[in-house]
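Since every read-out is calculated from the coordinates, none of them should be taken as a lab result. Just so it is clear, the structure is predicted and the values come from calculations on it, not from any experiment. Note: ideal-geometry Cβ built from the backbone for every residue, glycine included; neighbour counts use all protein chains shown.
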Amino acid sequence: MNEITKLSEEMAAHLQKTLLPFWSSLRDPRGGYISLVNGDLLRDPEAVHGCILNSRILWFFSTAADRTGRKDLVPLADHAYRELLRMKDEVHGGLYWSISPDGKPVDTTKHTYNQAFGIYALSAYASLTGNGGAHSQAMQLFELIETRMRDAGGYLEAFTENFSLAGNDKLSENGVEAARTMNTLLHVLEAYTALYAVSGQESVRKRMEEMLQIWEKNMWNGERRRQEVFFDRDYHSLIDLTSYGHDIETSWLLDRTLDVLGDDAVTARIRPKLLMLAEAVLAVADPQKGVPNECERGRVDESRVWWVQAEAAVGFVNAWEHTGKPEYLAAAANQWKVIRHSIVDSRPGSEWFWSVDAELHPLCRTLADP
C-alpha cells in the first residue's frame, strides 16, 4: 500500500469511527448542536450556540454525506440548516454571532467572517440536497456582504446589529485591534469559491478575482515568504507576526479557488506564491511534533494547536500533488502521526484536544470544533 492510500484510508476510518459519531451525539432536540463539552467530557446543554460553530457543523455533515454517500447524515445536515435559519436577523438581515439554545439572540454582532461561514455552509448544503432555499440564502448573504460590509478598498470586519461599524475585538489578537484581517479575506474568498462552484454567478467570480488581487498586493510578503495578518484600514501591517497555520491553510484554500476559477494566467501568477508558503511552513515542521502555532516578533509559540496540525496535513498533501516532492508527502504523514498520537483524545466518547505543548502534553482539554 502506498503512503497516500494509507493516509487516506486511516483518515477516512477516523472520520467514520470517531468524528462523525461524536458530533452526531451532540444533536440538541431544541435545535442545533450542543456547543460546549468540557475536559471531563461533560456537556453543557445551555451553552450559547455560535453561528460559526453551527455553520461549520452544517458544512461538516453536508460534505461528509456527499463524500461518503451516507444518507443517514443528511438529516443531521438538515438539523444544522434549520438552526442556521434561526440565527438570521429577519429585520436587518445577516446572521447573528450567537443565539441561545431556544433560539433567542445573545450576541447580535454582525461580523463579515461570520456571514462568510454561513455562505460556505449553505453552499455545501445546497450542493448536497439541491435545496433552492439554501442557495437563495447564500446569495442573500453574498449581496449583504457586498453592499453593507465592505468599502472601496475591500472587506471590513465587525458591525452592530443594524450595520454600523464596530470594534473588531472578536478577530483581533496579539495586542492589536485590526480594521482589516487576512483571516476574514481568506474565508470570504473560501465562501465565494464554494458559492461560485454551486451557482456560477459572474458577480461572485468578479469578487473572487478582486480578492486575489487584494491578497497579492496587501497580504502576501514575498520577501519573508509569509502573509501579513492584521492591518489598519489602509493595509498597513500592525504587527510582526507569522501565522504558520494560516499560511499553510492559505496555500491550499487559494489553490482551490484557482481550480474553480480555471484561469491559467491567474494560476500562473498566484500558485508559485502558494507553494512558497507551503515550503516555508515545511521548514519549521518538526517530524515528531508537528507545526508550531506562530512566531511573533521573532519569538516562536511552540504550542501545537489542533487546527494548525490539520491544515498542515492538508496543505502538505496539496503541495505534494503539485510538485511531486516526496518531502511533502512525508511531512503530511508525520502530521497525521502527531494528530493520532497527541491531538486525538483517546478516551471513549471524545475527539480532539484543542492544543498540546511543545512536549505534546495537553494544554487545554476543551474539545475542538469541526
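Observations on the model:
- The relative contact order of the chain, computed from alpha carbon pairs under 8 Å that lie at least 6 residues apart in sequence, is 13 percent.
- Annotation: amide H-H contacts under 5 Å for residue 286 (H modelled 1.01 Å from N, sequence separation of 5 or more, or interchain): 291.
- Choice from 118, 167, 290 with maximal GNM fluctuation in the chain (Cα, 10 Å cutoff): 167
- Each eigenvalue of the Cα gyration tensor of segment 1-151, multiplied by 5 and square-rooted, gives one semi-axis; in descending order these are 27, 20, 14 Å.
- Note on residue 15 and residue 233: their simple-model spin labels are 4.4 nm apart, each label 7 Å out from Cα toward Cβ.
- One compactness figure for segment 31-239 is 1.04, namely its Cα radius of gyration divided by 2.2 N^0.38 Å.
- Spatial separation of Cα centroids for segment 108-122 and segment 148-176, in angstrom: 12
- In sequence order, calculated HN-Hα J values of segment 308-319 (Karplus, 6.51, -1.76, 1.60; Hz; x Gly/Pro): 5, 5, 5, 4, 5, 4, 5, x, 5, 5, 4, 5
- Annotation: segment 244-370 has a Kirkwood hydrodynamic radius of 15.1 angstrom, from the mean reciprocal C-alpha pair distance.
- Taking only the Cα atoms of the chain, the radius of gyration and Dmax are 19.7, 57 Å.
- Full-stretch length increase - residue 221, residue 276 - with 0.36 nm per residue and alpha-carbon distance subtracted: 18.8 nm
- Size of segment 48-106 as Cα extents on the principal axes (Å, biggest first): 37, 20, 15
- Distant-in-sequence amide contacts of residue 35, defined by a placed amide H-H separation under 5 Å and a gap of 5 or more residues or a different chain, comprise 47.
- Here the scattering of segment 141-223 is modelled by Debye summation over its C-alpha atoms, one equal scatterer each and no solvent; at q = 0.11, 0.17, 0.25 Å⁻¹ the log10 of I(q)/I(0) is -0.32, -0.75, -1.33.
- Amide H within-cut-off set for residue 226, under 5 Å, with H built and near neighbours excluded: 221
- Residue with peak Gaussian network fluctuation, the chain [Cα springs, cutoff 10 Å], from 25, 355, 123: 25
- Relative contact order for segment 228-356, counting Cα pairs under 8 Å that sit 6 or more residues apart, in percent: 24
- Karplus-derived 3J(HN,Hα) values for segment 24-39, using 6.51 cos²θ - 1.76 cosθ + 1.60 with θ = phi - 60°, are 5, 6, 8, 4, 9, x, 6, x, x, 9, 4, 9, 9, 10, 7, x Hz; glycine and proline are entered as x.
- Extending 7 Å from the Cα toward the beta-carbon at both residue 4 and residue 160 defines two label points whose distance is 5.3 nm.
- Each of 343, 119 was scored by other Cβ atoms within 10 Å of its Cβ. Listed from fewest to most, they are 343, 119.
- The Cα center of segment 297-365 and the Cα center of segment 258-294 differ in position by 16 Å.
- The chain - mean residue ellipticity at 222 nm from DSSP helices (-39,500 (n - 2.57) per run, n ≥ 4, rounded to 500): -16500 deg cm²/dmol
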